[in-house]
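Accompanying notes for the structure given below.
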């Protein structure tokens with residue numbers, strides 16, 4: 001047990017470091033970051049381990065790397081304890097790494113990149129086949145596609161209806177992006193046909209609960225804004241992980 005914990009901490013730290021690098025690099029093409037306070041560019045060569053304060057204004061480094069490291073280490077330890085073979089542990093760590101990259105890019109940049117989900121479709125098909133078999137994995141992906149895809153289509157039509165009703169030519173925003181649909185497909189192939197539907201339902205409820213908290217907070221503060229973005233990707237991922245571990 002102790003060896004699993006030590007190895008999980010080590011692997012989790014490596015995963016966290018690589019996730020932080022990719023969250024920086026994939027959307028922008030650069031490993032450099034920006035100070036959260038003054039906006040100054042912080043070169044990766046000056047702060048490779050994300051620990052230094054801003055040299056311009058002295059602001060403390062962003063808390064995101066710490067959050068990523070903690071989640072990565074906890075996830076790596078839990079996967080080590082909950083898998084039956086070394087091969088399954090390695091596969092679980094790989095899936096954790098991939099999903100964390102998608103989740104934190106969505107949180108940071110409000111998008112799920114097609115490049116990551118395209119890779120995810122091949123990766124999840126291969127991983128799902130190893131876990132459940134090809135047929136169950138593909139059916140799981142189809143269920144995820146249809147279930148979240150129906151929300152996406154409804155959101156598009158509803159937004160268009162509202163924009164036409166209010167004022168012609170007004171830009172509309174989709175409640176869900178198509179990246180969420182492809183992510184649900186990826187999660188479905190990871191989970192298989194028996195697990196995907198309840199896991200995605202849980203993710204939707206988690207996102208709804210978070211949205212409700214935001215609305216209540218705005219009502220209490222009387223500071224309403226219609227421009228709040230709530231990323232669904234991390235909640236779909238969280239629902240899948242929570243369902244696998246606790247249900």
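The values are calculated or read from the model by the stated rules, or taken from the named source; none is laboratory data. Given the structure is predicted, the values throughout are model-derived calculations rather than measurements. So basically every Cβ, Gly included, is an ideal-geometry build from the backbone, and we count neighbours across all protein chains shown.
Within the bounds of region 161-176, is there any residue that is at pLDDT 85 or above and either assigned to a helix (DSSP H, G or I) or more than 26 Å from residue 207 (Cα to Cα) (or both)?
No: zero hits.
Would you call residue 70 loosely packed, with under 15 Cβ neighbours inside 10 Å, in contact (Cβ under 8 Å) with a residue 60 or more places away in the chain, under 30 Å from residue 180 (Cα atoms) and out of contact with any helix residue (DSSP H, G or I) (no Cβ under 6 Å at 6 or more places or on another chain)?
Judged against the criteria, residue 70 is not a match.
The conditions are (1) buried (at least 18 other Cβ atoms within 10 Å of the Cβ); (2) within 19 Å of residue 78 (Cα to Cα); (3) modelled with pLDDT of 85 or more, and residue 243 fails exactly one of them. Which is it?
Unmet for residue 243, out of (1) buried (at least 18 other Cβ atoms within 10 Å of the Cβ); (2) within 19 Å of residue 78 (Cα to Cα); (3) modelled with pLDDT of 85 or more: (3).
Residue 143 is checked against (1) modelled with pLDDT of 95 or more; (2) within 15 Å of the chain's Cα centre (by Cα) and fails just one. What number does that condition carry?
(2)
Could you grab me the full set of residues in region 119-140 that are touching a residue at least 60 places away in the same chain (Cβ under 8 Å) and farther than 23 Å from residue 12 by Cα?
Scanning region 119-140 gives 121, 125, 132.
Out of 76, 127, 103, I need the residue that is within 28 Å of residue 65 (Cβ to Cβ), assigned to a helix (DSSP H, G or I) and within 15 Å of the chain's Cα centre (by Cα). Which one?
103 is the lone residue from the list that is within 28 Å of residue 65 (Cβ to Cβ), assigned to a helix (DSSP H, G or I) and within 15 Å of the chain's Cα centre (by Cα).
Filter region 42-64 down to the residues that are touching a strand residue (DSSP E or B) at 6+ places or on another chain (Cβ under 9 Å) and outside any loop (DSSP other than H, G, I, E, B), then identify the one that is surrounded by the fewest Cβ atoms within 10 Å (Cβ to Cβ).
Taking the candidates together, the pick is 44.
State whether the residues of region 10-32 include one that is surrounded by fewer than 13 Cβ atoms within 10 Å (Cβ to Cβ) and either within 14 Å of the chain's Cα centre (by Cα) or closer than 25 Å to residue 245 by Cβ (or both).
Checked region 10-32: at least one residue is surrounded by fewer than 13 Cβ atoms within 10 Å (Cβ to Cβ) and either within 14 Å of the chain's Cα centre (by Cα) or closer than 25 Å to residue 245 by Cβ (or both).
Output the number of residues of region 6-41 satisfying the condition of being touching a strand residue (DSSP E or B) at 6+ places or on another chain (Cβ under 9 Å) and in a helix (DSSP H, G or I).
Residues that pass the stated criteria total 1.
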